[in-house]
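Okay, so here's the structure we're looking at.
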Amino acid sequence: MFLKFFNIFFCIVFILFAAVQYNDPDPYVWMPLYLYTAVLCWLAFRNKFFPGAYLLGVAVYAAYAIYKFFDQNGVWEWITKHHEANIASTMKAEQPWIEETREFFGLVILIVVLLIEYLYAKRKARVN
């Protein structure tokens, strides 16, 4: 029952995340990233599991997260040069490192959800 709630919750959240990307500088990147995981959550909600698709998503998101971490305006710069300044005080990203850091954490959320899906699918396959 928990996983049903988990999946429908994140399906809706990721659809909403994708919807607010329309005014982002690169919606063509972020909308598919969020919608990919939303679809997988919807399918898992319906008891259809695709471990290979989860791992593919994790690999793509992890590679992009590593890039975002070490990018010129990425998380590393936020930590070292801006001393972890508040990135949530305003919705407008007035500095480039704010947007990059927020995107990094969005990728981390996607990775965590897909890893939970993967682990559940593997456990379910062992039981059946």
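The values are calculated or read from the model by the stated rules, or taken from the named source; none is laboratory data. Since this is a predicted model, take the numbers as computed values, not measurements. Cβ coordinates were reconstructed from backbone atoms using ideal geometry, including for glycine residues, and neighbour counts include every protein chain displayed. Keep in mind that these areas ignore ligands, DNA and RNA; they rest on the heavy atoms of the full protein, side chains included. Shrake-Rupley method; radii C 1.70, N 1.55, O 1.52, S 1.80 Å.
By accessible area of protein heavy atoms, probe 1.4 Å, what ranking do ARG102, ARG126 get, highest first?
Correct descending sequence by accessible area is ARG126, ARG102.
When Lys and Arg each count +1 and Asp and Glu each count -1, what net charge do the other residues less than 15 Å away from ALA38, Cβ to Cβ, add up to?
Net local charge, ALA38 excluded: +1.
Using alpha carbon centroids, what distance separates region 46-62 and region 16-33, in Å?
Centre-to-centre distance over Cα atoms comes out at 20 Å.
Any chance you could list P(r) for region 1-62, counting all Cα-Cα pairs in 5 angstrom bins from zero, rounded to whole %?
4, 20, 24, 24, 17, 8, 2, 0
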